[in-house]
1. Quick one: 87, 140, fewest Cβ neighbours within 10 Å first, how do they rank?
2. Report, largest value first, the span of the C-alpha coordinates of region 55-111 along each principal axis, in whole Å.
3. Please arrange 147, 162 by how many other C-beta atoms lie within 10 Å of their C-beta, fewest to most.
4. Using the Cα gyration tensor of region 62-217, with a ≥ b ≥ c the square roots of its eigenvalues, what is the shape: rounded (a/c below 1.5), prolate (a/b larger than b/c) or oblate (neither)?
5. Peptides 212-222, 119-129: what's the order by average Cβ count within 10 Å, highest mean first?
Ligand SMILES: [Zn+2]
């Protein structure tokens with residue numbers, strides 16, 4: 001996920017990246033333990049998200065490993081985490097790991113990037129339950145493509161809604177682009193969405209929403225700072 005500056009260049013420090021498999025976490029941990037310089041470089045260059053992605057759960061998930069990795073970064077968030085009811089991981093397993101990670105995010109005051117597929121109503125119920133009891137957290141719904149009704153519920157939770165070119169396709173994309181307020185928009189370049197960077201996404205969003213591209217870019221940059229850099 002990236003955002004751009006209004007000049008069109010991609011400032012590297014405004015990039016966020018996720019890693020999310022148990023195997024990746026172990027490999028990264030070994031790497032970082034041996035290389036403090038690398039850790040320092042990454043700390044200055046981008047926001048790092050780690051989390052157990054619902055599509056890659058294999059029973060090796062360990063919250064302490066996750067927490068120690070999050071602690072290694074100045075600007076860290078949990079992600080991608082969530083529910084993916086198209087993948088084969090049993091729903092109950094996904095739900096348990098998701099809830100544990102949301103709890104970890106709350107305890108550590110971290111934001112969370114959510115990957116949700118065919119499970120938006122259930123996710124909104126879970127989040128409303130948590131927010132009602134323990135207060136909210138910073139949320140980014142990655143690859144946002146859903147109805148206005150679902151979008152409205154996420155917006156009530158003050159979530160940022162992140163879109164790539166795939167999400168902006170067709171009628172649904174047009175509807176969303178016109179509906180998502182600038183205060184909640186983020187642009188993403190996900191490798192699964194092809195090579196188009198955040199700049200192309202911003203330009204497409206601007207075209208569909210009828211708002212100037214520079215205004216959209218400025219809004220996305222502000223939102224990025226709030227979501228990932230703890231700026232108010
Ligand atoms: Zn995803």
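1. Working: 87 15, 140 26.
Placing the least packed residue first, the sequence is 87, 140.
2. The Cα atoms of region 55-111 stretch 34, 19, 15 Å along their principal axes.
3. Details: 147 13, 162 29.
Starting with the residue having the fewest Cβ neighbours, the order is 147, 162.
4. Numbers: a/c = 1.74, a/b = 1.58, b/c = 1.10.
Cα axes put region 62-217 in the prolate bin.
5. Numbers: 212-222: 18.2, 119-129: 16.5.
Result, highest mean Cβ count within 10 Å first: 212-222, 119-129.
Every number in this text was worked out from the coordinates using simple rules, so none of it is lab data. Quick caveat: nothing in here was measured; it's all calculated off a predicted structure. Here Cβ is always computed from backbone atoms with ideal geometry, including for glycine, and neighbour counts include all displayed protein chains.
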